[in-house]
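Worksheet: the structure to be examined is printed underneath.
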Amino acid sequence: MDGRACPCGLGDDYESCCGRLHAGEPAPTAESLMRSRYSAFAVGDAGYLLRTWHPSGRPPELTLDPDLRWTRLAVLETRDGGLFDATGTVQFRAVYVEQGQRGVHAETSRFIRQDGHWTYLGPADLPGADRDTLVYSVALDA
Ligand SMILES: [Zn+2]
């Protein structure tokens, strides 16, 4: 994966961006965890997604859809989730292509930091947040 641009779109190559977090480095902020989770979807790292999922919402297993290709991430708004926060939310839109059809997954995600590690709590309770089921239905139906 030498020199490959990171899927999260920050402009760095994968190895020096989300790849470091996938390799075990803790995410410093909620947004960096969110970006690294998007990148994990893009590179197919289900183990990382489970590791960074808060136990309260974590599915027992996660099977990523190999036909679903993530193509772009846009972080729209970040609240808290900084170096000195214990919680945070990140609103984002992620674009994917499945069987030639373009789709958008929009979510406001909640994050919590425990023992210095950010974890993904789940989508905030907002209208439209149930679009989340689109992405995770494979695992939750199993
Ligand atoms: Zn990245």
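The values are calculated or read from the model by the stated rules, or taken from the named source; none is laboratory data. No experiment lies behind these values; they were computed from the predicted model shown. Every residue, glycine as well, gets a Cβ built from its backbone with ideal geometry; the counts of neighbours run over all protein chains shown.
Close contacts from the stretch 12-32, counting a first residue that is closer than 19 Å to Leu83 by Cα and a second that is hydrophobic (A, V, I, L, M, F, W, C) and at pLDDT below 95, with Cβ to Cβ under 6 Å and a gap of 6+ residues or different chains, come to Cys17/Leu10. May I ask you to list the residues in the stretch 27-66 that are of a type in the set (D, E, K, R), outside any helix (DSSP H, G or I) and in contact with a strand residue (DSSP E or B) (Cβ under 9 Å, 6 or more places away or on another chain)? Listed by number, the residues that qualify are Arg58, Asp65. Within the stretch 106-123, the residues that satisfy the criterion of being β-branched (Val, Ile, Thr) and either surrounded by fewer than 19 Cβ atoms within 10 Å (Cβ to Cβ) or at pLDDT below 95 (or both) are Thr108, Ile112.
Residues in the stretch 80-101 that are part of a strand (DSSP E or B) and modelled with pLDDT of 95 or more: Asp80, Thr87, Gly88, Thr89, Val90, Gln91, Phe92, Arg93, Ala94, Val95, Tyr96, Val97. None of Leu33, Leu64 is of a type in the set (A, V, I, L, M) and within 16 Å of the ligand (Cβ to nearest atom) except Leu33. Taking the numbered list (1) free of Cβ contacts under 8 Å to residues at least 12 places away in the same chain; (2) farther than 13 Å from Tyr120 by Cβ; (3) away from the ligand (no atom under 13 Å from the Cβ) in turn, Arg51 passes all entries but (2).
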